[in-house]
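Peer 1: Below: one structure in structure tokens.
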């Protein structure tokens, strides 16, 4: 009888989770890009990104890998360096800190960054890559891409 009870509980949980539908989460706006650190260690960029979660459950970002492009040229590979929780049924701004190690820079990226910091107030900014989100025990890896002209802030 005890085995039947455990089996019933597991079956009910599986059925209830399988009935949940997942809608894609999307980036709808980038408010700004702020250069926090630019050194021999690498690059740290902060940005406020509006994320739309049409789902009826909160999502947590657990892993990421992005290519960052400035003016159409690849700058570096980066990952999100802070914890992000996206509330259910929301579309709101989240502070996102992206970090890139020096060895992940594209060729010529240092010269491009120096030029941007001297003359640009706005920049064509693109992120393209993958984010892994988590709900309870379930993880899903999704492609994310967004491009927009945004204000560039220095330190």
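The values are calculated or read from the model by the stated rules, or taken from the named source; none is laboratory data. From a predicted model like this one, the values you see are computed outputs, not experimental measurements. Ideal geometry is used to build each Cβ from the backbone, glycine not excepted, and the neighbour counts take in all protein chains shown.
Peer 1: Against the conditions (1) under 14 Å from the mean Cα position of the chain (by Cα); (2) at pLDDT below 85; (3) surrounded by 15 or more Cβ atoms within 10 Å (Cβ to Cβ), where does residue 24 fall short? Just the number, please.
Peer 2: Going through (1) under 14 Å from the mean Cα position of the chain (by Cα); (2) at pLDDT below 85; (3) surrounded by 15 or more Cβ atoms within 10 Å (Cβ to Cβ) one by one, residue 24 breaks only (3).
Peer 1: So, restricting to strands (runs of 3 or more DSSP E) that lie completely within segment 13-107, which ones have at least 1 residues that are free of Cβ contacts under 8 Å to residues at least 40 places away in the same chain, touching a strand residue (DSSP E or B) at 6+ places or on another chain (Cβ under 9 Å) and more than 20 Å from residue 142 (Cα to Cα)?
Peer 2: 26-38, 73-80
Peer 1: Do you know which of the residues in segment 103-155 that are touching a helix residue (DSSP H, G or I) at 6+ places or on another chain (Cβ under 7 Å) and modelled with pLDDT under 80 is surrounded by the most Cβ atoms within 10 Å (Cβ to Cβ)?
Peer 2: Per the stated criteria, the residue is 152.
Peer 1: In addition: Among the residues of segment 28-54, which ones are under 20 Å from residue 90 (Cβ atoms) and buried (at least 19 other Cβ atoms within 10 Å of the Cβ)?
Peer 2: Once the filter is applied, which keeps residues that are under 20 Å from residue 90 (Cβ atoms) and buried (at least 19 other Cβ atoms within 10 Å of the Cβ), segment 28-54 yields 30, 47, 49, 51, 53.
Peer 1: So which residues in segment 66-80 are over 18 Å from residue 26 (Cα atoms) and surrounded by 15 or more Cβ atoms within 10 Å (Cβ to Cβ), if there are any at all?
Peer 2: 69, 70, 74, 75, 76, 77, 78, listed by residue number.
Peer 1: Can you tell me which of 56, 42 is modelled with pLDDT under 90 and in contact with a helix residue (DSSP H, G or I) (Cβ under 7 Å, 6 or more places away or on another chain)?
Peer 2: Sole residue among the options that is modelled with pLDDT under 90 and in contact with a helix residue (DSSP H, G or I) (Cβ under 7 Å, 6 or more places away or on another chain): 42.
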